[in-house]
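Read the figures in this text as sums done on the coordinates, not as results from a lab. The shown structure was predicted, so the numbers you read here are calculated from the model rather than taken from an experiment. We place every Cβ from the backbone using ideal geometry, glycine too, and count neighbours over all the protein chains shown.
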């Protein structure tokens, strides 16, 4: 991972796109788990998730949750809170993009 010297940080993922969150999360305790659902209570947010090769477990309470996934995946785990946020997610239309990188060995 390279950080360019610039007033605004620029990140180049020379070791793959996953290098960016790995770099930005240094010093944080990260748990990789498949999220089944989330729940909001008076204490905060709870996440029902299963870490790799384990049973589902509730984690929390958390003050905030950050979603770093496409809208359709977010909608599946966010409860209907009756907020404009859910309506906004439902309006997002995903499109497929195909990218091809072709190298032609010339004469």
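So between residue 33 and residue 88, what do we pick up on full extension, going 0.36 nm a residue minus the alpha carbon distance?
Numbers: separation 55, 0.36 × 55 = 19.80 nm, distance 2.60 nm.
Net length gain for the segment: 17.2 nm.
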Under a no-solvent Debye model with one identical scatterer per Cα of region 39-96, what's log10 I(q)/I(0) at q = 0.23, 0.29 Å⁻¹?
-1.05, -1.28
Simple spin-label estimate for residue 19 and residue 101 in nanometres, 7 Å along Cα-Cβ
1.2 nm
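Using alpha-carbon pairs under 8 Å, 6+ residues apart, how would you state the relative contact order of region 11-57 in percent? All intermediate terms of the calculation are to be shown ahead of the outcome.
Details: 41 pairs, mean separation 11.6, N = 47.
The value is 25 percent.
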